[in-house]
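Novice: Quick one: this structure, given as C-alpha cells, is what I'll be asking you about.
The values are calculated or read from the model by the stated rules, or taken from the named source; none is laboratory data. Given the structure is predicted, the values throughout are model-derived calculations rather than measurements. Here the Cβ is made from the backbone with ideal geometry for all residues, glycine too, and neighbour counts use every protein chain on show.
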Ligand SMILES: Nc1ncnc2c1ncn2[C@@H]1O[C@H](COP(=O)(O)OP(=O)(O)O)[C@@H](O)[C@H]1O
Ligand SMILES: [Mg+2]
C-alpha cells in the first residue's frame, strides 16, 4: 500500500478532531490526497455502532462485549475506508484507532479485560497492519473534560458516556496512552496538547514533516 495511516489519540477534549482536520488541510496544501476519518463510526454501519458505544449508561456492556463492538467497527473501517484509500496512495488520518480501545477498555477500566484477549482481537481484525504514525495528544484530563462538557452543552446528541466516568478513569487512561507510547516509541509520538490550537498544530506538523520528509 502506497498511502500512509496516521492516527490521533488521547482523552476526551484533547483536540483530536480539531487537529485531525488541520493536519488533513495541511497535507492537502502539500499536494497529498487525504481521507479524514474516525473511530468509532468511520462508516455508515459504524455510525450505528458508535451510537451504541458513546451514549447511554456507562456500564451497559461488559468489557469483552464492548471491545468486540469496537473491533467490529474497526474491521469495517479498515476494509471499507482505510485500506482502499491507502491502496490508492491516499493518506488516511483517523481520529482515534486501536490505542483508544486499549487505553479506555484496558487501562481505563483498571485492566478488566485480559490483555492477550485484546491483542488477539487486534490480530483477527488487522493482522500485522499498524499505523505509520500515532500522535498521542497529552494533557491533564481536567482540562479536556471541561472542553468536552462545554462542547456537549451545544449538542443535541450528547456523546458523554465516557465523560461521565470518575476522574480516576481519566487519569488511568492518560497513563495508558503514555505506556503505549513508551512501548512503541517508533510508532507513537507524544505531543503536549495543553496549549492553543495553532501551537499544537505546529507541533504536529513538525512531527509529520520529520517522520515523512515532507
Ligand atoms: N487547543 C485548544 N484550546 C482550547 N480549546 C480547544 C483546543 N482544541 C480544541 N478545542 C475545543 O475543545 C473542544 C474539544 O475539541 P475536539 O477537537 O473536539 O477534541 P476531541 O476530538 O479530542 O474530543 C472543541 O469545542 C474545540 O473547539
Ligand atoms: Mg472528537
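Novice: If you take the residues of the stretch 152-169 that are within 19 Å of residue 95 (Cα to Cα) and under 18 Å from the mean Cα position of the chain (by Cα), which of them is surrounded by the most Cβ atoms within 10 Å (Cβ to Cβ)?
Specialist: Among those residues, the one meeting the criterion is 163.
Novice: Could you pull out the residue among 136, 197 that is in contact (Cβ under 8 Å) with a residue 60 or more places away in the chain and in contact with a strand residue (DSSP E or B) (Cβ under 9 Å, 6 or more places away or on another chain)? Working first, answer last.
Specialist: Values: 197 fails: in contact with a strand residue (DSSP E or B) (Cβ under 9 Å, 6 or more places away or on another chain).
Within the list 136, 197, the selection yields 136.
Novice: If you don't mind, another one. Taking interchain pairs and intrachain pairs at least six residues apart, which have beta carbon atoms under 8 angstrom, with the first residue in the stretch 11-23 and over 13 Å from residue 141 (Cβ atoms) and the second more than 8 Å from ligand 1 (Cβ to nearest atom) and in a helix (DSSP H, G or I)?
Specialist: 19/201; 19/204; 22/201; 22/204; 23/201; 23/204; 23/205; 23/208
Novice: Evaluate the following for residue 8: is it surrounded by 16 or more Cβ atoms within 10 Å (Cβ to Cβ) and either away from ligand 2 (no atom under 14 Å from the Cβ) or in a helix (DSSP H, G or I) (or both)?
Specialist: Numbers: surrounded by 16 or more Cβ atoms within 10 Å (Cβ to Cβ): yes; either away from ligand 2 (no atom under 14 Å from the Cβ) or in a helix (DSSP H, G or I) (or both): no.
In short, no.
Novice: Suppose the filter is farther than 30 Å from residue 79 by Cα, in a helix (DSSP H, G or I) and in contact (Cβ under 8 Å) with a residue 40 or more places away in the chain; does residue 175 pass it?
Specialist: Values: farther than 30 Å from residue 79 by Cα: yes; in a helix (DSSP H, G or I): yes; in contact (Cβ under 8 Å) with a residue 40 or more places away in the chain: yes.
Here the answer is yes, as residue 175 does meet what is asked.
Novice: Being within 16 Å of ligand 1 (Cβ to nearest atom) and closer than 20 Å to residue 17 by Cβ, is that true of even one residue in the stretch 54-66?
Specialist: In the first step, residues of the stretch 54-66 are kept if they are within 16 Å of ligand 1 (Cβ to nearest atom); the result is 54-55.
Filter again for closer than 20 Å to residue 17 by Cβ, leaving 54-55.
Scanning the stretch 54-66, I find at least one residue that is within 16 Å of ligand 1 (Cβ to nearest atom) and closer than 20 Å to residue 17 by Cβ, so the answer is yes.
Novice: Exactly one condition in (1) away from ligand 2 (no atom under 16 Å from the Cβ); (2) touching a helix residue (DSSP H, G or I) at 6+ places or on another chain (Cβ under 6 Å); (3) modelled with pLDDT of 95 or more is false for residue 108; which is it?
Specialist: (3)
Novice: Failed condition for residue 150, given (1) free of Cβ contacts under 8 Å to residues at least 12 places away in the same chain; (2) within 22 Å of residue 24 (Cβ to Cβ); (3) in a helix (DSSP H, G or I), with all others met?
Specialist: The one condition residue 150 does not meet is (2).
Novice: Do you know which residues across the stretch 130-144 are more than 10 Å from ligand 1 (Cβ to nearest atom), under 19 Å from residue 175 (Cα atoms) and not in a loop (DSSP other than H, G, I, E, B)? Give the steps one after another, and end with the answer.
Specialist: Of the stretch 130-144, the ones more than 10 Å from ligand 1 (Cβ to nearest atom) are 130-136, 138, 140-142.
Retained after the next criterion (residues that are under 19 Å from residue 175 (Cα atoms)): 134-136, 138, 140-142.
Across the stretch 130-144, the qualifying residues are 134, 135, 136, 138, 141, 142.
Novice: So, one more: Tell me, which helices (runs of 4 or more DSSP H) lie completely within the stretch 22-123 with 3 or more residues that are surrounded by fewer than 22 Cβ atoms within 10 Å (Cβ to Cβ)? Lay out the reasoning, then the answer.
Specialist: On the way: elements: 44-54, 63-77, 83-87, 98-101.
Per the criteria, 44-54, 63-77, 83-87.
Quick grid of which residues meet (1) free of Cβ contacts under 8 Å to residues at least 60 places away in the same chain; (2) within 24 Å of residue 200 (Cα to Cα); (3) within 14 Å of ligand 2 (Cβ to nearest atom):
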site	(1), (2), (3)
29	yes, yes, no
33	yes, yes, no
36	yes, yes, yes
68	yes, no, no
86	no, no, no
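Novice: Limited to the stretch 186-205, what total is found for residues that are more than 12 Å from residue 133 (Cβ to Cβ) and away from ligand 1 (no atom under 16 Å from the Cβ)?
Specialist: Qualifying residue count, the stretch 186-205: 0.
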